[in-house]
Structures are given as C-alpha cells and as structure tokens.
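Worksheet: one structure, shown below.
The values are calculated or read from the model by the stated rules, or taken from the named source; none is laboratory data. Just so we're clear, the structure is a prediction, and the values are computed from it rather than from any experiment. Here the Cβ positions follow ideal geometry from the backbone for every residue, glycine too, while neighbour counts run over all protein chains shown.
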Amino acid sequence: MERYYQPEIERASQEQIRAWQDERLVNQVKNVWDHVPYYRKKMEEKGLTPADIKGVDDLHKLPFVTKADLREAYPYGLMARPVKDCVRIQSTSGTTGKRVVAFYTQHDIDLWEDCCARAIVAAGGTDEDVCQVSYGYGLFTGGPGLNGGSHKVGCLTIPTSSGNTERQIMFIQDLNATILCCTPSYAAYIGETMKEMGLTPDQIPLKAGIFGAEAWSEEMRRDIQNTLGIKAYDIYGLTELSGPGVAFECSAQSGMHINEDHFIAEIIDPDTGEVLPEGSQGELVFTAITKEAFPLLRYRTRDICVLSREKCPCGRTHVRMAKPRGRTDDMLIIRGVNVFPSQIETVLLNAGYPANYQMIVDRVRNTDTLDVQVEMTPEMFTDNMGEISRRQKELVDGLRAMLGLAAKVTLVAPKSIVRSEGKAVRVIDRRKI
C-alpha cells in the first residue's frame, strides 16, 4: 500500500495546487521587489512591477536568473531576509570560481526537511526503518537534507557521511540499515565492495536506496538494484533551491514528482528562452515560491528533461520530471556532436561493464578526440590481447551507434579508475577551448 508523508498536499487536486502556486508566486514577487534590490533592478529593466504578476500565467514575464547572477550577487546580494533571521548556509560542490552560497531561515529548513521526508516515505520508509545517510555532510546539501527528512519520518538515522566504505558496510550489517541515501556512483561502489566480500543480496538488510546529486542511467539503476537487492529511487535537487527533495521518485519509478506546493517548474528552449508546451524536451527552470531567505525566481537549472502530468499509479498528483538526460553545461560538443556521459554509460552497462569509466576529451591537430577508458570486471580480466581487442571493437561499434561518432575505447584493469565517495569524475576535458 502506498504511503504518503503529507497526503493532503501530495494528493491535492490540480485546482488546489494551482491556487497555492498563484497565491505564493504573487507574494514571492512582492517579497523580492521589496527586499532584494538586485531582483528589483532586473524587473525594472523589463518594465515590470509586482502588479504585473497576478499568477502562474504571468510567470513567463519575469526575468531568468542564472548561475552568473548568483556569482555576481555573491555573497549577500540575493538575500531577502537580514542575516539575523537566517540560521544556516549551504554551498555547492563547485570547483571553479566563487561557490554558490544559499541561505536558510528555520522555516526554510523545516520545509526542506518535509520535502526530503516525502521522498523517504515514497521509498517505503517509516518510523520502523533504519536510514543510513552516506551523502557528504557539511556545506554539501545531500547529508543535511536527508538527515533532517529521516528525523521527520522518525527513522533511526545513521549519519555516516561519505567515505570509509568498510565502516559503511559494518553499520549496514550491524545496525540492520534498511534505507541507504548516497550518490548512485557511491552506491555502486558499496555494492561492488560487498560483492567482493562475498555478500549476496539476501544477506544485505537494505530494502531501498535514495540516490541523487549526479546523473545516472536506468542501466545503472538495475545494476545497483541487483547487487544490493533493493529498490533504487531517484531524488533531485539543487543547492540554489534548497537541496535534495525538490523532486523525488515514487514506487512507480517512472519520473520524479516535483513538490509543486514549493516549486513551479517550466521547460524552456535553452537557446531562445521560450516556454515550451507540456511534453517537450528542454531546459528545466524553477521558481521557489515558499523560500524566505534565498528565493530564486525562474532559475535556469541547465538540466535537460521532460515534464509529464499523466496520472501516476502511486496516487500523487504533482507533476513528474523525467530523469535529466544531461545538462546544457556539462554536455560535451565533440566534433559538432552533442554527447552526454549518460549515453556512454548506457552502452557500457548494456554490454555488461560496470559503471566505472572516464571520458578523456582532447584536441589533436585541430580535431577533437574522445578516449573512453572502461574498467573490466574481475571475471572479464584477461591478458589475451586478441580478446581485449575484440571487446574494445565491440564497444567502439556500440558507441558509434549511440553517439554517431568514432571514439577510442581502452579497457583497463579492475579497480584502476579512482573511486569516488561523492560525485564521480566522469569527464576530463583537455581541450584548450
């Protein structure tokens, strides 16, 4: 039987959801106009005042906000509350320039934790469960978000953070952890390590996993589910909006329900900014309508996906977003072809390889090159060069069929690609562009 953390919200009628969104959007626009000079200036540049926004139908009139705006306004320029009203910051795991810093009032944290609690209950979690949170803690939103959601559900919470994989497995076994929360690449590594220890899925107490913070394919999901003997659920979020829990998967595992009482989603053409009709693939844009300290309006996520309002068998009525197929900003353009790491992962997993690979992009004599380094499993490992050549050619053909371009494939020994306890480093781009 499907369970809900806040059934009256999660199963609300479309009319009720729309009424919440209309009212909260109007209030939020007035809030940023009154308290955030940066926003007011952007609105004035478009000739807008709060009176022009009467509901969701007027949302398209508002200016977009991008990561460039966040960097320009860093650190306090987009805050809508004084520092004395804020109780926490979180920050992105970005590696270049100024990080994105997001601010929270206590009310913001309560609502964020409610969203994460909805995700845990959707994955079958109750107050009888033991929830191991193996996302990073600290500035990264993964650990604190799921930790708070787990508390709200009433689970016994194990705040292991990421790393120290042997200790992770010890706690899973000794404390009978039933729900694991971490990045999908770390879940795959935990599963791989358990397999090496001789543990079979029926000897692992886990029943569910909530995995997010990086793109992962359906093939990778099947791999993790088979290794750990669990049902693997996707969760989506951005530090800029709050963190994980903006959207989450239900038992149907066919798209993530966006918490529409807190976030309005749009799909736009990434080139023109035009709002696209429902069912179109494009860039996902979010407006946070309940955030107090750091309310972003029409924030461009750079994630490419599709929204669907088809009725969901789980009974939830909030719109679903498909698993993002990539990002406009980590999409690689190689010899004029758009390439997403998830496409390469699909080919590898379908051919029986683990999700341990790296794409090395370079430019030789003004031509882009793509070298995909792929780990063999211990069962595949051989020093038979003929067999290795055959396998490499098989993958070259598979990648050409998927991507429409030639890539070099190098099969490497098991365990030779560095493992990640957070987000996996899949792409090394050496081009000087």
Being modelled with pLDDT under 90 and out of contact with any Ser or Thr (no Cβ under 9 Å at 6 or more places or on another chain) narrows it down to one of 387, 379, so name that one.
-> 379
Single unsatisfied condition, residue 415 versus (1) basic (Lys, Arg); (2) in a helix (DSSP H, G or I); (3) at pLDDT below 95 = (2)
Using the structure shown, decide if residue 360 is among the β-branched types (Val, Ile, Thr) and within 21 Å of the chain's Cα centre (by Cα).
-> no
Quick check: anything in the stretch 299-309 surrounded by fewer than 17 Cβ atoms within 10 Å (Cβ to Cβ), among the small types (Gly, Ala, Ser), at pLDDT 95 or above and touching a helix residue (DSSP H, G or I) at 6+ places or on another chain (Cβ under 9 Å)?
-> no
Specify which of the listed residues (426, 390) is charged (D, E, K, R) and closer than 27 Å to residue 181 by Cβ.
-> 426
Members of the stretch 10-26 found to be touching a residue at least 24 places away in the same chain (Cβ under 8 Å), in a helix (DSSP H, G or I) and polar (S, T, N, Q), listed by number = 14, 21
Could you say whether any residue in the stretch 270-277 is touching a residue at least 12 places away in the same chain (Cβ under 8 Å), part of a strand (DSSP E or B), surrounded by 14 or more Cβ atoms within 10 Å (Cβ to Cβ) and within 15 Å of the chain's Cα centre (by Cα)?
-> no
Among 420, 389, which is out of contact with any Lys or Arg (no Cβ under 6 Å at 6 or more places or on another chain), surrounded by fewer than 15 Cβ atoms within 10 Å (Cβ to Cβ) and in the same structural domain as residue 346 (by TED's automatic domain parsing)?
-> 389
Could you tell me which residue of the stretch 114-156 is surrounded by the most Cβ atoms within 10 Å (Cβ to Cβ), considering only residues that are outside any loop (DSSP other than H, G, I, E, B) and either free of Cβ contacts under 8 Å to residues at least 40 places away in the same chain or not assigned by TED's automatic domain parsing to the domain that holds residue 206 (or both)?
-> 150
Does at least one position in the stretch 22-44 carry a residue that is under 25 Å from the mean Cα position of the chain (by Cα) and farther than 30 Å from residue 317 by Cα?
-> no
Inspect the stretch 190-200 for any residue being over 30 Å from residue 104 (Cα atoms), surrounded by fewer than 24 Cβ atoms within 10 Å (Cβ to Cβ) and in contact with a Phe, Trp or Tyr (Cβ under 9 Å, 6 or more places away or on another chain) and give the result as yes or no.
-> no
Is at least one residue of the stretch 223-241 surrounded by fewer than 21 Cβ atoms within 10 Å (Cβ to Cβ), under 26 Å from residue 3 (Cβ atoms) and among the aliphatic types (A, V, I, L, M)?
-> no
